[in-house]
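Heads up, the thing below is written out as structure tokens.
All of the numbers you see were taken from the coordinates with simple rules; none came from a lab. Keep in mind that this is a model prediction, so the values were computed, not measured. All Cβ positions, glycine included, derive from the backbone under ideal geometry; neighbour counts span all protein chains shown.
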Amino acid sequence: MEILQNLHSYFAYVVLIVLVLAVFNALSGWMGKRDFTMHKDLRVSLFALILSHIQLVVGLILYFVSANGLKAIQTLGMGGLNAPARLLALEHPFTNILAIALITIGWSRHKRLMESDKKFKTITIFYGLGLVLILSRIPWRQWF
């Protein structure tokens, strides 16, 4: 269990770095009016998508086996959770599922578009919203 928790915590740094890179890459492509390339732009966005999904799967496994996830809700009830417990048991998983859904929608929508500026705009918006949601629900006190 501790190994899974450490994996989820440390892998989050990698996911955040790649997701920030993908958002800034898309934003610079959109603002710089450059062509969307398969070699760089597609790969950065795809790596961010894949890594965020891997992190989600690890997080969901952790949610169901950890005392801080579903077991906390079952034991204490929703009314019995204090703010840090509610963050881990409810807000963090729910918000991050929503964030990964937005990232996935952005990936799916960009694939249907032909114009580079629209591809970059779609990735910037959806990946950016996903990133903001993820950053909003990271348990910062436990991280540092």
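Below is a table of values for the structure above.
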item: Scan of the range 35-45 for residues that are surrounded by 14 or more Cβ atoms within 10 Å (Cβ to Cβ) and in contact (Cβ under 8 Å) with a residue 40 or more places away in the chain, ordered by number; result: Phe36, Asp41, Ser45
item: Pair list, Cβ < 6 Å and 6+ apart or interchain, from the range 1-29 residues that are farther than 14 Å from Ile125 by Cα to residues that are among the small types (Gly, Ala, Ser) and part of a helix (DSSP H, G or I); result: His8/Gly59; Val15/Ser52; Val18/Ala48
item: Unique residue being under 13 Å from the mean Cα position of the chain (by Cα) and in contact (Cβ under 8 Å) with a residue 60 or more places away in the chain when the list is Ile138, Ile100; result: Ile138
item: Helices (runs of 4 or more DSSP H) contained in the range 70-135 and holding at least 3 residues closer than 26 Å to Val23 by Cβ; result: 92-112
item: Where a residue in the range 82-93 is closer than 16 Å to Ile134 by Cβ and its partner, wherever it lies, is assigned to a helix (DSSP H, G or I) and not small (Gly, Ala, Ser), with Cβ under 6 Å and at least six apart; result: Pro93/Tyr63
